[in-house]
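The values are calculated or read from the model by the stated rules, or taken from the named source; none is laboratory data. None of the values given here were measured: they were computed from a predicted structure. All Cβ positions, even for glycine, are placed from backbone atoms using ideal geometry, and neighbour counts span all protein chains on display. Just so you know, the surface numbers come from the protein's heavy atoms only, side chains and all, with ligands and any DNA or RNA stripped out. Shrake-Rupley method; radii C 1.70, N 1.55, O 1.52, S 1.80 Å.
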Amino acid sequence: MALLEILEFPDPRLRTRAVPVTQFDADLVRLVDDMFETMYAAPGIGLAASQVNVHRRLLVMDVSKDRSDALVFVNPEIVERDGIGVMEEGCLSVPNIFDEVERAQRVVVRAQDRHGVVFERELVELAAVCLQHEMDHLEGKLFVDYLSSLKRDRIRRKLEKDRKARATSDAAPVGAARI
Ligand code: NI
């Protein structure tokens, strides 16, 4: 397994629209394993392939506290959505920035597993939010797109400053639930 590099806002590659996965082979299984390793190491609760510069429709997540609920969604589609809720979100591609986003509280997703088998799953609350956030990544969309352009510009400047500071020190960035 290997740790993958996570692209960071405003990297234009994060704006790429991912294409469907058609090959369910050993390379895909390896990519899924590497994405889990990268997500857990970050640490984060969700990771879309787009964030590691692989522009295919695939995401992994685990919203449990003890890494006991690893989920893989290949070619996900939301087939039902209900309710509206607001939750504070963060993102591994937008380090140390958190803000409120409005999303459906419950979704039913249809997807394929890493072997290509189709399944449906109901997700609520944090898991539903995480899935919607990761599916946005596959469309080239980031949670900061839901904020005002003023806020987005401020975030862009802060991240540039943080990156410069990181380049001159060994301090690791800190954060809470980054998806
Ligand atoms: Ni994200």
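Brief remarks follow.
- DSSP beta bridge pairing in segment 12-147, given as percent antiparallel to the nearest 5: 95 percent
- Shape category assigned to segment 12-147 from the gyration tensor of Cα positions, a/c cut at 1.5: rounded
- Contact order relative to length of segment 103-145, as percent, for alpha carbon pairs under 8 angstrom and 6 or more apart: 34 percent
- Cα gyration tensor shape for segment 36-90, rounded if a/c is under 1.5, else prolate or oblate: oblate
- Crossing angle, helix 26-41 versus the chain [Cα axis fit, 0-90 degrees, rounded to tens]: 40 degrees
- As a length-normalised measure over Cα pairs under 8 Å and 6 or more apart, the relative contact order of segment 12-147 settles at 27 percent.
- Probe 1.4 Å, accessible area per residue of the chain, Å²: 52 Å²
- Classified by the C-alpha gyration tensor, segment 1-40 has an oblate form. Its axis ratio a/c, with a ≥ b ≥ c, is 1.5 or above, and a/b does not exceed b/c.
- From the alpha carbon centroid of segment 86-164 to that of segment 27-81 is 12 Å.
- Residue-averaged [θ]222 nm for the chain, counting only DSSP H segments that reach four residues, each worth -39500 (n - 2.57): -9000 deg cm²/dmol
- Descending by average beta-carbon neighbour count within 10 Å, the peptides 95-101, 12-18, 50-56 line up as 50-56, 95-101, 12-18, the highest first.
- Of the accessible area of segment 12-147, computed with a 1.4 Å probe over protein heavy atoms only, carbon and sulfur atoms account for 47 percent.
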